[in-house]
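Undergrad: My questions all concern the structure below.
The values are calculated or read from the model by the stated rules, or taken from the named source; none is laboratory data. What you see is a predicted model; the values in this text were computed from it and never measured. Note: ideal-geometry Cβ built from the backbone for every residue, glycine included; neighbour counts use all protein chains shown. Accessible surface areas use protein heavy atoms only, side chains included; no ligands, DNA or RNA. Shrake-Rupley method; radii C 1.70, N 1.55, O 1.52, S 1.80 Å.
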Amino acid sequence: MTANDDYVLEVLKEEGLVTPEQIAHVQRRASAQGSIVDGLVASKLLSAEDILHVVAARFGMEMISLANLQVPPEAIAAVPVETARKYRVVPISKHDNTLTVAIGDPLDVDTLDSLRYVLKCDVEGVVALPAEIKVAQERYYATEASIETMIDQLTDGTVDMVAAGRVDMREEADVAESDVPIIKLVSLIIYEAHRNRASDIHLEPLEKRFRVRYRIDGVLHEVDSPPKRLQAAIISRIKIMATMKISEKRVPQDGRIQVNVKGRELDLRVSTVPTSHGEGVVMRILDKQNLALGLPKLGFLADDQEIFMRLIAQPDGILLVTGPTGSGKTTTLYACLNHVNRPDRKIITVEDPVEYQLSGINQVHVREDIGLTFAVALRSILRQAPNIVMIGEIRDVETARIAIEASLTGHLVFSTLHTNDAPSAIARLQDIGVKPFLVASSLRAVMAQRLIRCVCENCREEHKPTATEMKLLGPAAEQFANVQLFKGRGCNNCSLTGYRGRAGIFEIFEVNEDIQRMIFSKTPSSEIRQRARELGMRTLREDGLRKVVIGMTTLDEVLRATMGDVD
């Protein structure tokens, strides 16, 4: 046992966290488990986080979590990668001549002294879990060596990625040998994004570096980024794959890439935009296997699923899904189409763009540059005698009127609108010029939705609501007085975030005869909403709180997603 162990054990005993008997019991097994402190953790008497927190407090040091912390570039730049890895630290912030770093051992005062000498500045320390420091180093420090190692993995066959079309390197016999590493690197970026369950890849040219970020469960995470000198080659490679014009760098461009990653078909929707330091690229990853999700996988609880399945089984009328960009509206509509897709039904969609290629469904891609607008396409497809029509978005009065005419002549119409809640869709339709009697007669239901992150099943633990959370809940706080809640502690399975995967929360607004009369008489949205609540409509927040109670998500996540929800 080291002197540090002696001190830690004394602190733990003084704090009443362990007893002499427990220490003696662990000491008898210490030869097999390392130090006694390690033995306490292995025996699950205390967690490493508990021990660090107590010792850090004794030294007057703050303990922080690095999981969701965004470190400014100037702080990262202040500590070379070799120094950070040698001393096992991560810079946190830099103000004037003072640098704050996270260390894993609050007793290691020599590290802070050494950093002050090496970096020639004042260095202050905070404490973080060593595992979090290691993950943060991998996130913020990208070296050419680490990039070359990953490229070697591709060459050695560790990463099995065979791409379709222009991405398949075997079909590019005329590619120069010097270009092969770039091809492999771009393939690796796509592979790693898929492996980490990312929905988007962001490649951002900055002044002195080329940043790569993945959006995972709705949150952006920076990953190892290639050297700045490879920026132009990488962007050119992506534009070739997406059949864009390589020479055109002055205007935004859009394209698509189709790849096969370990047997899974992916569509990548690519968008470029000129910025101050080069072209920025965003690739939206569309995984076809997600379309096989049943309605329960979207996050519906049993009662809401029953209501929704009844609504999409109607023979005619309009069903709208509302919410901001990125709230999962398209995924919900595709799940609906998969559910109602049968051999005896003809389904046609009008989309801008077509995000997923669906088997057995006729899909039309809007091309406004050649005059194929939503309205023009919709008029044409109605002559194709479909049973069900899906319109990507109702944007103008002409599209809305044709959709309503289709619904009134025996078609079931699915579409989306951008509104904050479900009842507001009525005001939105009237604002763009649709007559109230047409809205009342055609609209069957509106469903608003948001996406929330789910608690990681691998590291979930009991959680007591904070005073801030209870205050934000307002009157709803009473229902959590005696309810057991959960949150994720953070583990390798969830990249230390405590969350893994996302699900929807929903607000289903049905249009019955009572609501129809209110629409026809131009009743304000606030009164329609109040009446819908009286008839049993649950708000987004209320549905989210139900999912907190069953342990699906956290209070913090629901409050974040429904901050604008009006009770």
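Undergrad: Report the local net charge at ASP556: Lys and Arg +1, Asp and Glu -1, summed over other residues whose C-beta lies under 11 Å from its C-beta.
TA: +1
Undergrad: Please list, in chain and number order, the residues 5+ apart from LEU496 or on another chain whose amide H is under 5 Å from its amide H, with Hs placed from the backbone.
TA: Amide H to amide H, under 5 Å and 5 or more residues apart or across chains, LEU496 pairs with CYS491.
Undergrad: Can you check what the net charge comes to around ARG453, using other residues whose Cβ is under 10 Å from the Cβ of ARG453 (Lys, Arg +1; Asp, Glu -1)?
TA: Local charge sum for ARG453: 0.
Undergrad: Using Cα pairs under 8 angstrom and six or more residues apart, how large is the relative contact order of the range 470-554, in percent?
TA: So the answer I get is 34 percent.
Undergrad: Net charge near ALA136: determine it from the other residues with C-beta under 15 Å of the C-beta of ALA136, scoring Lys and Arg +1 and Asp and Glu -1.
TA: Surrounding charge for ALA136 is +1.
Undergrad: Suppose all protein chains stay in the model; what accessible area per residue would a 1.4 Å probe give for the range 425-501, in Å²?
TA: 50
Undergrad: Then there is this: Find the eigenvalues of the gyration tensor of the Cα atoms of the range 312-373, then list the square roots of 5 times those eigenvalues as equivalent ellipsoid semi-axes, largest first, in whole angstrom.
TA: Over the Cα atoms of the range 312-373, the ellipsoid semi-axes are 20, 17, 12 Å.
Undergrad: Okay, next question. Bin width 10 Å, alpha-carbon pairs only: give the P(r) of the range 334-453 as whole percents, running from 0 to the bin holding the largest distance.
TA: Calculated over all Cα pairs of the range 334-453, the distribution is 12, 44, 35, 8, 0 percent.
Undergrad: I'd like the Karplus ³J(HN,Hα) series for the range 68-73: coefficients 6.51, -1.76, 1.60, θ = phi - 60°, whole numbers in Hz, and an x wherever there's a Gly or Pro.
TA: Once θ is set to phi - 60°, the couplings for the range 68-73 become 10, 7, 9, 8, x, x Hz.
Undergrad: What figure, in Å² to the nearest 10, do you get for the accessible area of ILE348 with a 1.4 Å probe and non-protein molecules left out?
TA: Only protein atoms counted, so the area is about 10 Å².
Undergrad: Dipole of the range 426-567, Cα-centred, from +1 at each Lys and Arg C-beta and -1 at each Asp and Glu C-beta, to the nearest 20 debye?
TA: Computed charge dipole of the range 426-567: roughly 340 debye.
Undergrad: Tell me, what is the per residue accessible area of the range 207-278 in Å², probe radius 1.4 Å?
TA: 50
Undergrad: Now a separate question. Averaged per residue, what accessible surface does the range 337-378 expose to a 1.4 Å probe, in Å²?
TA: Each residue of the range 337-378 exposes 49 Å² on average to a 1.4 Å probe.
Undergrad: Collect residues whose amide H, placed 1.01 Å from N in the peptide plane, falls under 5 Å from the amide H of VAL261; neighbours closer than 5 in sequence don't count.
TA: Residues meeting the criterion, in which the H sits 1.01 Å from N, are LEU266.
Undergrad: Below 8 Å, C-alpha to C-alpha, sequence gap of six or more: please give me the relative contact order for the range 271-430 in percent.
TA: 27
Undergrad: To continue, here is another question. Once phi is turned into ³J(HN,Hα) by the Karplus curve 6.51 cos²θ - 1.76 cosθ + 1.60 with θ = phi - 60°, what whole-Hz value does each residue of the range 252-269 show in order, with x for glycine and proline?
TA: Once θ is set to phi - 60°, the couplings for the range 252-269 become x, 9, 10, x, 9, 10, 10, 9, 10, 10, 6, x, 10, 7, 10, 10, 10, 8 Hz.
Undergrad: Identify, among ALA440, MET470, THR523, the residue whose Cα sits farthest towards the positive end of the charge dipole of the range 402-553, taking +1 on the Cβ of Lys and Arg and -1 on the Cβ of Asp and Glu, with the dipole about the Cα centre.
TA: Selected residue: MET470.
Undergrad: Continuing with this model, one more query. In percent, how large is the relative contact order of the range 207-274, given Cα pairs closer than 8 Å and 6 or more residues apart?
TA: 20
Undergrad: Taking all protein chains as present, what is the carbon and sulfur share of the accessible area of the range 333-393, in % to the nearest whole number, probe 1.4 Å?
TA: 45
Undergrad: So which lysines can LYS522 reach, going by Cα to Cα under 19 Å and dropping same-chain residues fewer than 8 places off?
TA: Leaving aside lysines fewer than 8 places away in the same chain, those within reach of LYS522 are LYS435.
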